[in-house]
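First the structure, in the form of structure tokens, and then the observations on it.
The values are calculated or read from the model by the stated rules, or taken from the named source; none is laboratory data. Note that the coordinates shown come from a computational prediction; the quantities given were computed from them, not determined experimentally. Here the Cβ positions follow ideal geometry from the backbone for every residue, glycine too, while neighbour counts run over all protein chains shown.
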Amino acid sequence: MEEILLILLILAFAMLVGAILGFGDSLIFIALTVIFLDVRIAIVLASFWSICLSTFNAINYRHFYDKVFLKKQIIPGITGIIIGSFLLVISSLQWVVLSLGVFVLIYVIAKFNNIRKDRNIKIEDVEGYDSVIIDNKNISGLIFYTGAFSYGFLSGLIGASGPINVVLLEKTGHERESFIANFSLASIIISPFKLGI
């Protein structure tokens, strides 16, 4: 009974973070519930809850869809999620847990690096230097499709690939509402393939 309450508290916290940021719910939920549950069960549960949250966000931000972005992302994302989901089913649990741990570690390091860079840019702006303006909409097709495939693949394998989709959306210039809408709709379209497998 205590484990169920702890899992529900973790779920509530993860959903709160996901509702505020538009992503991160699966990453938090899976990373914390593997203490109590088998990692495959945690991934499936996170997928169900993530689809519910994504549906709510997609409806709430439906006026901000980027159809061009979604059309480009869906095919490589579905291909990746099918391959990743099959690997989850047939691979050893040790490799799945190791993959999840490495992914979380890389994401945390990358996030701290970005925070440090942003802080340095703000300091340079204050000191009178001009910061370089980057055109985020110019991303090569190879990088975009590799990112979309990786998003699907890691979603199928470890269930928590949101940071990759975050990078794709940021690099293509999506702001808060558009970011949440497109992230959610992509998740709704791609995730049923994972749950089916």
Practice item. Could you tell me whether any residue of segment 101-114 is β-branched (Val, Ile, Thr), within 17 Å of the chain's Cα centre (by Cα) and surrounded by 18 or more Cβ atoms within 10 Å (Cβ to Cβ)? Key: no
Exercise for review: Any chance you could count how many residues in segment 136-183 are within 10 Å of the chain's Cα centre (by Cα) and of a type in the set (S, T, N, Q)?
Suggested key: 3
Check your understanding: Residues of segment 84-127 being among the basic types (Lys, Arg) and at pLDDT 75 or above, which ones?
Key -> Arg116, Lys117
Practice item. Determine if segment 163-177 includes at least one residue that is modelled with pLDDT of 80 or more and of a type in the set (Lys, Arg). Key: yes
Practice item. Find the helices (runs of 4 or more DSSP H) located wholly in segment 1-99 whose residues include 3 or more that are loosely packed, with under 15 Cβ neighbours inside 10 Å, and list them. Key: 2-21, 39-60, 67-90
Check your understanding: in contact with a Lys or Arg (Cβ under 6 Å, 6 or more places away or on another chain), touching a residue at least 12 places away in the same chain (Cβ under 8 Å) and within 30 Å of Glu177 (Cβ to Cβ), is that true of Ile81?
Key -> yes
Study note, to complete from the structure: Restricting segment 145-197 to residues that are acidic (Asp, Glu) and touching a residue at least 24 places away in the same chain (Cβ under 8 Å), the one nearest to Gly84 (Cα to Cα) turns out to be Glu170
Exercise for review: Would you mind telling me which numbered condition in (1) modelled with pLDDT of 75 or more; (2) exposed (fewer than 11 other Cβ atoms within 10 Å of the Cβ); (3) among the hydrophobic types (A, V, I, L, M, F, W, C) Phe149 fails?
Suggested key: (2)
